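*Asks:* First, the structure itself, so that you have it in front of you.
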Amino acid sequence: MLVMLSPLKRLPRFPLAAVLRNRAADAPTLDEAIENAKQRYTFGSHGILAAPLMVAEVWADLTPGLRLRGLRRLPKNFGPGVLGAEIATWGAISPSLLPHRWWAVAANVAICQGVGHIAGNVVNQTVARGVRSSGIVRDERVGKWSNTALHWGMSAVTVITFIQSARRHVKQVDLVGGEDEFSVAESFVGITLGTLGYGVLLATGEALQSIVDTAAGLLGRRLPPVTSWPLAIIAAGTVVGVFTDRLVVRRFLSRAYKSAEELDRQFMQGADRPTEPERSGSPHSEERWATMGRQGRAVVAGGPRKRDIARIMGSATAEPIRIFIGLDDGRSYDDMVAAALRELDRTDAWSRTHLAVMSAAGTGWINDFLTSGFEFVGRGDTAIVAMQYSYLPSAYSYLADRDSPVRSSRLLIDTIRKRLGELPEDSRPKLYVAGESLGAYGVTDAFDTIDEFLDGVAGGVFTGVPGFSRSHRELTENRDASSPQRLPIVDGGRHIRFAAHPSHIRHDFEGKPFANEWEEPRAVFAQHASDPVVWWDWKLIYQVPDWLKEPGSRGVEAPRAQRLDVPATLRWAPFITFWQVGMDQLASKDYPSPHGHNYHDETLAYWAAVMDVDEPEETLEDAASWIHRDATKLRRPPGGFANRHGY
């Protein structure tokens, strides 16, 4: 046994761990550091320069690269956290799914450095404890040299990472069809503001630590440390949690809901009340125009009429039917479904060839290319029905209520399927379902299983389905072997096909024909590689997703036929990838289709394939151009659109 243990004396030393441990042991407290700061620069010695010099040194302590030359103002026990923050900075400034503007860089740098600081301290405490218990002899001279070399090396990596990120950013803008050129100055602004944010997080952390220390001191008068410290942490956490929930989260959601409800009552300048009896909200309809909601009024006011379809497509069978049921006060979902049935009966929607149930995204908004595309391809022999389930935008609806999109869609679909079952099979319309974003989540998860979906409808088009959707997740996890997560192949493409481009409805990600013919019912799940709404998931915090293991990541190129619109150099990093993809969602509508979270012209090709209609590409392009003009006229706010590519 002694022979086996003796080699431990010759194990390599851990100078860096020793240095970090010594720093933590010998470092002054925050109060002592503040007192030292006051004594170092005084108004008596430096005049009015005292304050600027102190601020400059604090800024240097926080700034990536500069801070690695040694802390000047911050407590020395911040050293391990600063190293962790430096490493996190490399990921924070690296490319993600979409190009980063200055505000995104600032948010990424601030939060990722804060998390890196915590991770650095945790690693330090773990390593230091291991070093202390090992009894390994430490050589301070070697430790000092290694520490200096490490700091210079990390500073060099920071500079190299920034240069590489700048080059990749330029290429990434081209990949997603962006129009903004890369600006070094803008990136520096983002890094600077992010660094200040990191400083604010450090100050907040120290304040929380002070609360815990105070609580522990009070409890320690009557309890031993082994009991007082856990209780202090629980007490402080409870106070902070209650404060955040009561005064921040609830107040924020309350104000957001009130603001959204007021916005819902407003009228769009381009949304005139329809006169056709085939439209809800018209003089012939039971649905009151004033209570249909802002986005609901846009749905029934917009879109092609029979004359528009005939001009673009060459012929038109009928005037399209559009039914929208607003979230009126006092009406339950059951009441709204009953109102939808009355509108379907009134307009004789059961006599149409194609009937689509569409789920809105939060406020009642439905992608104009989903609605109008369905009507163009169906040559007007169509009926669309939808219900509003919330006043809140999709992001807030997701946080506040993820049940309503599914529950409202399920009630409407089940009721319509029951009515269709009462009609003769040879004269009933084909039932389709469709939605985008939270709407796609609601309408797909309205079915308990994929088999129920295939048995219940003739087809569907779903664009930008969120990653938390159960049905989307099940299809992806059960995809055919060797097919990528970004473009899964399900049962050889027999019923369901995933697409990032219209060409993917004809061939797979490698450009090869699908193993099976496309049979009815048909469904398309459209998802861009650059759409963060699709790829964001809580598991990104701790788990590498398949799409970051496949070709198209880690420097391995994807097949050209996959039409990847993100850098092939993307890599996963704990928490950082989760945060970056989450931040990308805020800019996901700023890039033209087919990129980001915009699904426009391509949607017509998906409808044509699902409805098994052979339309010339030029005709679909003309229809898409008409929809662009109509959506612009319909939805353009007085001050113009917030970005050039969304409606």
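*Asks:* Report the net charge of residues surrounding Pro488, where surrounding means a beta-carbon distance below 12 angstrom and charges are Lys +1, Arg +1, Asp -1, Glu -1. Before the final figure, lay out each step's value.
*Replies:* Working: positive: Arg473, Arg479, Arg486, Arg497; negative: Glu474, Glu477, Asp480, Asp491, Asp508, Asp546, Glu550.
My count for the surroundings of Pro488 gives -3.
*Asks:* Report Tyr396's accessible area, 1.4 Å probe, all protein chains in place, as a number in Å² to the nearest 10.
*Replies:* My reading of the accessible area for Tyr396 is about 70 Å².
*Asks:* Further, regarding this structure: On the accessible surface of segment 331-449, probed at 1.4 Å, how many percent belong to carbon and sulfur atoms?
*Replies:* Carbon and sulfur together cover 49 percent of it.
*Asks:* Could you name the aspartates and glutamates in cross-link range of Lys430, using Cα to Cα under 13 Å and dropping any fewer than eight places away on the same chain?
*Replies:* Asp381, Asp455, Glu520, Asp612
*Asks:* If Lys and Arg each add +1 and Asp and Glu each add -1, what is the summed charge of the other residues whose beta carbon sits under 14 Å from the beta carbon of Ala338?
*Replies:* -3
*Asks:* Follow-up. Quick one: ranking Glu422, Glu452 by accessible area, 1.4 Å probe, largest first, what do you get?
*Replies:* Numbers: Glu422 125, Glu452 50 Å².
Largest to smallest exposure gives the sequence Glu422, Glu452.
*Asks:* Additional query: Taking 0.36 nm per residue of separation and subtracting the Cα-Cα distance, what length does fully extending Ile160 through Arg560 add?
*Replies:* 141.1 nm
*Asks:* Still on this structure, I have one more. Can you list residues whose amide H is under 5 Å from Ile384's amide H, if they're 5+ apart or on another chain and H is modeled 1.01 Å from N?
*Replies:* Those qualifying (amide H under 5 Å, at least 5 residues apart or on another chain) are Ile321, Arg322, Ile323, Ala356.
*Asks:* Take the Cβ-Cβ distance between Ala395 and Thr227 as r, set R0 to 60 Å, and report the resulting FRET efficiency rounded to the nearest 0.05.
*Replies:* 0.90
*Asks:* With Cβ to Cβ distances under 11 Å as the rule, what net charge do the other residues near Pro95 carry (K, R +1; D, E -1)?
*Replies:* Cβ neighbours under 11 Å give a net charge of +3.
*Asks:* Assign one of three labels to segment 356-420, namely rounded, prolate or oblate, based on the Cα gyration tensor with a ≥ b ≥ c the square roots of its eigenvalues; rounded applies when a/c is under 1.5, prolate when it is not and a/b is larger than b/c, and oblate otherwise.
*Replies:* oblate
*Asks:* With every protein chain present, what accessible area does Thr353 have (1.4 Å probe, heavy atoms only), rounded to the nearest 10 Å²?
*Replies:* 60
*Asks:* Using a 1.4 angstrom probe on the protein heavy atoms only, line up Ile191, Ile541 by accessible area, largest first.
*Replies:* Ile541, Ile191
*Asks:* Tell me the label-point distance for the pair His284, Glu261, using the 7 Å Cα-to-Cβ offset, in nm and rounded to one decimal.
*Replies:* 3.5
*Asks:* Want the number for Lys539 to Lys171: 0.36 nm per residue separation, take away the alpha-carbon distance, what's left?
*Replies:* Between Lys539 and Lys171, full extension yields an extra 129.6 nm.
*Asks:* Turning to a different aspect of this structure: Might you work out the accessible area of Leu219 for me, using a 1.4 Å probe with all protein chains in place, and round it to the nearest 10 Å²?
*Replies:* Its heavy atoms expose roughly 60 Å² to the probe.
*Asks:* Starting from the Cα-Cα distance between Asp213 and Thr291, subtract it from 0.36 nm times their residue separation and give me the gain in nm to one decimal.
*Replies:* Values: separation 78, 0.36 × 78 = 28.08 nm, distance 5.53 nm.
Here the answer is 22.6 nm.
*Asks:* Calculate the FRET efficiency for Trp103 and Glu617 from the Cβ-Cβ distance with a Förster distance of 45 Å, rounded to the nearest 0.05. List each step's numbers first, then the result.
*Replies:* Details: r = 39 Å, r/R0 = 0.86.
Efficiency for this residue pair is about 0.70.
*Asks:* Please list Thr347, Thr126, Thr227 in order of solvent-accessible area, largest first, computed with a 1.4 Å probe with all protein chains present.
*Replies:* On the way: Thr347 20, Thr126 90, Thr227 50 Å².
So, going from the largest accessible area down, we get Thr126, Thr227, Thr347.
*Asks:* Name the shape class, rounded, prolate or oblate, that the alpha-carbon gyration tensor gives for segment 254-355, where a ≥ b ≥ c are the square roots of its eigenvalues, rounded holds for a/c under 1.5, and otherwise prolate holds if a/b is larger than b/c and oblate otherwise.
*Replies:* Because a/c hits 1.5 or more and a/b fails to exceed b/c, segment 254-355 counts as oblate.
The values are calculated or read from the model by the stated rules, or taken from the named source; none is laboratory data. None of these values were measured; they are calculated from a predicted model. Note that each Cβ is placed from the backbone with ideal geometry, even for glycine, and that neighbours are counted across all protein chains shown. Side chains are part of the model used for accessible areas, which takes the heavy atoms of the whole protein and leaves out ligands, DNA and RNA. Shrake-Rupley method; radii C 1.70, N 1.55, O 1.52, S 1.80 Å.
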